[in-house]
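Novice: My structure is below; once you've seen it, I'll send some questions.
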Amino acid sequence: MNITGNTIFIPGATSGIGLALALRLQAAGNTVVIGGRRTDVLERLAAEHGLASVSIDTTDPASVLAARDQVLAQHPDLNVLVAMAGVMNAEDVRGGTFLAEAERIVDTNINGPLRLIAAFIDHLQTRPHATLMTVSSGLAHTPLAYTPTYNGTKAFIHRYSESVRLQLAGTSVQVIELVPPAVQTELMAGNSANAHFMPLDAFADEVMGLLESQPDAREILVDTVKFLRFAEVEGRYPAAVAALNSAA
């Protein structure tokens with residue numbers, strides 16, 4: 001992925017990692033379209049930063065298709081999709097009451113990116129240099145006990161990204177998987193103030209540096225996430241799981 005000269009759509013970019021990357025990508029010389037459900041926030045961010053915006057709810061198939069049509073009508077040179085949307089909540093599977101929340105997480109974290117990819121993949125393949133960026137998590141590789149469905153959805157995104165990359169080999173579409181560690185955002189309430197998590201600005205800056213220095217990257221891995229990402233392959237999985245959950 002070239003770091004500049006792209007037209008990029010980032011659903012789920014009204015806050016947190018999505019917004020931080022949107023602003024940095026815009027500053028690097030890209031046209032950035034942000035998406036989200038909160039139209040008031042979209043309008044404010046568009047006014048403050050000059051970002052293009054579109055209303056989208058990735059849990060609603062019709063909304064995804066309507067957003068696709070609007071984005072491509074206004075930005076026919078779109079060549080980068082960042083499948084960003086995600087939710088994370090604690091669950092206790094020792095009682096049957098967890099199911100409704102688990103299904104909501106699956107619909108957002110798995111079905112949402114699937115809907116986005118299905119909506120945009122035909123167009124991306126018409127662009128000479130295109131990128132599909134997925135967003136998984138270090139927890140796809142080393143699980144946190146109290147977020148089992150979140151962990152599982154991000155493990156799906158990791159393996160799905162690997163599989164889609166194989167299918168798209170030989171096309172113009174590069175597949176990049178962004179693998180965040182615990183970052184100071186409100187993905188879960190209060191985590192933006194957690195001193196043990198990576199500061200958002202530091203994460204976004206490191207991601208931009210990696211995108212620039214590794215244009216052919218398959219995964220974007222900041223140093224902090226490597227403890228989780230490589231725990232199993234490096235033979236330290238039990239210790240990593242114990243350390244992660246002890247800290248949590």
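Novice: Does segment 18-37 include one or more residues that are polar (S, T, N, Q) and within 22 Å of residue 108 (Cα to Cα)?
Specialist: No, segment 18-37 contains no residue that is polar (S, T, N, Q) and within 22 Å of residue 108 (Cα to Cα).
Novice: Here's something else I'd like to know. Considering only segment 79-89, I want to know if a residue exists there that is surrounded by fewer than 17 Cβ atoms within 10 Å (Cβ to Cβ) and either of a type outside the set (Val, Ile, Thr) or at pLDDT 95 or above (or both).
Specialist: yes
Novice: Quick one: in segment 16-55, of everything that is assigned to a strand (DSSP E or B) and under 21 Å from residue 180 (Cβ atoms), which residue is modelled with the lowest pLDDT?
Specialist: 36
Novice: Can you report the number of residues in segment 70-80 which are outside any loop (DSSP other than H, G, I, E, B) and either in contact with a helix residue (DSSP H, G or I) (Cβ under 9 Å, 6 or more places away or on another chain) or basic (Lys, Arg) (or both)?
Specialist: The number of residues fulfilling the criteria is 3.
Novice: Working only within segment 189-224, note down all residues that are surrounded by fewer than 18 Cβ atoms within 10 Å (Cβ to Cβ) and either on the phi > 0 side of the Ramachandran plot or small (Gly, Ala, Ser) (or both).
Specialist: 189, 190, 192, 193, 195, 202, 209, 213, 217
Novice: Okay, moving on. Give the residue, chosen from 39, 31, that is touching a residue at least 24 places away in the same chain (Cβ under 8 Å) and more than 21 Å from residue 192 (Cβ to Cβ).
Specialist: Of 39, 31, the one residue that is touching a residue at least 24 places away in the same chain (Cβ under 8 Å) and more than 21 Å from residue 192 (Cβ to Cβ) is 31.
Novice: Between residues in segment 209-234 that are within 21 Å of residue 166 (Cα to Cα) and at pLDDT 95 or above and residues that are of a type in the set (Ser, Thr, Tyr) and part of a loop (DSSP other than H, G, I, E, B), which pairs lie under 9 Å by C-beta distance while being six or more apart or on different chains?
Specialist: Sorted first by the residue in segment 209-234, then by its partner, the pairs are 219/136; 229/142.
Novice: Of all residues in segment 188-208, which are free of Cβ contacts under 8 Å to residues at least 24 places away in the same chain and either assigned to a loop (DSSP other than H, G, I, E, B) or aliphatic (A, V, I, L, M) (or both)?
Specialist: Passing the criteria: 189, 190, 193, 194, 195, 197, 199, 202.
Novice: For residues that are out of contact with any strand residue (DSSP E or B) (no Cβ under 7 Å at 6 or more places or on another chain) and surrounded by 22 or more Cβ atoms within 10 Å (Cβ to Cβ), scanning just segment 115-139, find the one that is farthest from residue 2 (Cα to Cα).
Specialist: If we take residues in segment 115-139 being out of contact with any strand residue (DSSP E or B) (no Cβ under 7 Å at 6 or more places or on another chain) and surrounded by 22 or more Cβ atoms within 10 Å (Cβ to Cβ), then 139 is farthest from residue 2 (Cα to Cα).
Novice: For residue 182, indicate whether it is in contact with a helix residue (DSSP H, G or I) (Cβ under 7 Å, 6 or more places away or on another chain) and either in contact (Cβ under 8 Å) with a residue 40 or more places away in the chain or under 25 Å from residue 232 (Cβ atoms) (or both).
Specialist: It is false that residue 182 is in contact with a helix residue (DSSP H, G or I) (Cβ under 7 Å, 6 or more places away or on another chain) and either in contact (Cβ under 8 Å) with a residue 40 or more places away in the chain or under 25 Å from residue 232 (Cβ atoms) (or both).
Novice: Go through segment 3-43 and give me each residue that's over 20 Å from residue 212 (Cβ atoms), within 17 Å of the chain's Cα centre (by Cα) and not hydrophobic (A, V, I, L, M, F, W, C).
Specialist: 11, 12, 14, 15, 16, 35, 36, 37
Novice: Looking at (1) assigned to a helix (DSSP H, G or I); (2) at pLDDT 95 or above, which is the one condition that is false for residue 97?
Specialist: (2)
Novice: Right, next: Could you list, in sequence order, the residues of segment 1-15 that are in a loop (DSSP other than H, G, I, E, B) and either in contact (Cβ under 8 Å) with a residue 60 or more places away in the chain or touching a strand residue (DSSP E or B) at 6+ places or on another chain (Cβ under 8 Å) (or both)?
Specialist: Scanning segment 1-15 gives 1, 2, 3, 6, 12, 13, 14, 15.
Novice: Oh, and also: Give me the residue from segment 130-146 that is outside any strand (DSSP E or B) and touching a Lys or Arg at 6+ places or on another chain (Cβ under 9 Å) and, out of that set, farthest from residue 237 (Cα to Cα).
Specialist: Applying the filter and picking the extreme gives 136.
The values are calculated or read from the model by the stated rules, or taken from the named source; none is laboratory data. Please read these numbers as outputs of a predicted model, since none were measured by experiment. All Cβ positions, glycine included, derive from the backbone under ideal geometry; neighbour counts span all protein chains shown.
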